[in-house]
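Structure first, commentary second.
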Amino acid sequence: MGWIAAVAVPAVSVAASLPYWLPGAVVALRVRIFAWINGEEGVPVPGGLVGTDAFRQVYAHPAADGRSRGAALSDLFWYWLAPGPEVHQEHLEPGPRYEEVARSTREILTGLDREGWAALVSRRAGPLLDALPGDRTTLVRLRDLMMPLWAEVYYELVFAEPCPAEARDLIVANADDVVSALKCTRLRHMGRRDRLTRYLARRIAEGAAPDALPASLTAREQGYYLQGAFFNTAVVQMSEAMAHLLLAIAAHPEVQQRLRADPDDSAYLDRVIDEALRLYPLFGVAHRITSAEIAVDGATIPAGSVLLFNYAEYQHAGLSDADRFDPDRWLRVSARDINHIPFGVSANRPCPARGIAPIGMRVAAREVLRRFTLSSSASHTRSLPSRGPCLLTPLDAAARTGIPQALRLPLLRQRDRWEGLGRSIVQLVLGSYMVWDARRQRLCQKYFASQEAGQ
Ligand code: HEM
């Protein structure tokens, strides 16, 4: 029987250790497979050619202005953002069409003043949160919890009327499909996205759309524009940002206690938001294609280069405790002192929602904190493919039933680790397929080739 123990004991310990090392190994393999299928392209910034010190200078350079044309990487982004990536503001080349689209986005986003915006978020958050069980702890995925809220909020901002349940469900299905494909946890389901496209086309045909829509776009393109900027990007980014913020609060009881002790301390809540956006920037890498040479640090970046601005690396650089979640660091430093660009750089197409997004986050966080204690032992990474598992316990729960509280966090940790193991393999397989499929479809390259042929 000794041989059984000799085989079984190491096998069991290897199996038990899998969740600790395999996901990391699979991620490394995924990166290599992506590079192999997609081809290595681009100048990493910061990197060998451009250091951290010159990061902003190069990002803000007028020649760092190409958005899609000329980068193989664009085929992948267009694939993930379809339908209508050719009119998505983020991916439009500079020029009159971009200016017109950006103006529409600005107009829609500023349709409400700050008070009106805060009131809208609060009005929509209340009923959604009140629908959660009020007498026991619930396990939620924070990203999923937040999506219906932002779907309703952005619908109301765009159409200036309350969001019907049908529209909310279509928007959530669309946004969830995009972000799940981006994180390679699921394949694209164009059917889910097309249902929203059809709904928006109908609303535009009925004349319900805002006046601010870009007038030079066809009705079909206007629908794609709304779908891309508001019912994909806005909903996904706000849900992701809130998932990071709430998960960080859940994992730091001292921060949560302080927020709850003085709910009107906006300055502290803003520091917590800044810190969440510093540690978990929503953009992994933003890319630009150079339209002319850029001279920097004695070197020259040739025209046509694909610059890959790595947010996480930049925001971590220069801090000895960059991995620590410390909202009070913002008492010692300001965004100007450290490398902090959560909404991009102002000289080169920054986020048009940079003014209202933090206000919305503040209001939504307060609505959650007023109702629930948050706790989580799930791992917290920048890409957060787990969607942020978190326990919500009503503050005024009269009776708590089910699993004893003390066991919940260790159980959640184990569950999260084993889920992470399975998910990393799914991401490897689906990610490799989508990179291959996007390369095959060449949406971006074909679009520009047809534009040139038509000229
Ligand atoms: C906390 C939430 C958000 C964060 C952290 C964020 C972050 C960013 C960043 C870093 C960029 C610049 C990327 C680059 O340089 O290529 C960007 C661009 C953009 N964001 Fe946001 N974003 C958020 C919410 C939103 C919302 C609510 C909208 C609503 C429409 C939005 C729409 C856009 C658009 C359209 C662009 C492209 C801008 C352009 O190229 O002109 N974002 N965002």
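Only the coordinates and a few stated rules stand behind these numbers; no lab work does. Just so it is clear, the structure is predicted and the values come from calculations on it, not from any experiment. Here the Cβ is made from the backbone with ideal geometry for all residues, glycine too, and neighbour counts use every protein chain on show.
Look at the dipole of the chain built from charges on Cβ: of PRO83, PRO394, TRP117, the Cα furthest out on the positive end belongs to PRO394.
Report the calculated FRET efficiency for GLU166 and THR381 (r = Cβ-Cβ distance, R0 = 35 Å), to the nearest 0.05. Computed FRET efficiency for GLU166 and THR381 comes out at 0.55.
Place a point 7 Å from the Cα of ALA212 along the Cα-to-Cβ direction; which residues of region 337-357 have their backbone N under 19 Å from it? Once the point is set 7 Å along Cα→Cβ of ALA212, 349-357 turn out to lie under 19 Å by backbone N, inside region 337-357. LEU279 sits among other residues whose Cβ lies under 14 Å from its own Cβ, and their net charge, with Lys and Arg +1 and Asp and Glu -1, is -3.
Mean residue ellipticity, 222 nm, helices only, the chain: the sum of -39500 (n - 2.57) across DSSP H runs of n ≥ 4, divided by residue count and rounded to 500, is -18500 deg cm²/dmol. Shape class for region 81-181: oblate, because the ratio a/c of the largest to smallest gyration tensor axis (alpha-carbon atoms, square roots of eigenvalues) is 1.5 or more and b/c is at least a/b.
Hey, what D do you get for the chain in µm²/s if you plug the Kirkwood alpha-carbon radius into Stokes-Einstein at 37 °C and 0.692 mPa s? Answer, rounded: 139 µm²/s. In plain terms, the chain from LEU187 to ALA28 could stretch by 55.2 nm, reckoned as 0.36 nm per residue minus the Cα-Cα distance.
Of the GluC sites (Glu not before Pro) found in region 271-373, those that fall in a DSSP loop while having at most 16 other beta-carbon atoms within 10 Å are GLU293. Under the convention that each Lys and Arg Cβ holds +1 and each Asp and Glu Cβ holds -1, the size of the dipole of region 41-450 around its Cα centre is about 1020 debye.
Rounded to the nearest 0.05, the FRET efficiency derived from the C-beta distance between ARG415 and GLU41 at R0 = 60 Å is 0.95. Relative to its residue count, region 256-334 spans a Cα convex hull of 125 Å³ per residue. Using the Cβ-Cβ distance between VAL333 and GLN57 with R0 set to 22 Å, the FRET efficiency works out to roughly 0.60.
Helix screen, the chain: DSSP H segments with Cα axial length of 27 Å or more and mean Kyte-Doolittle hydropathy at least 1.0 are 2-38.
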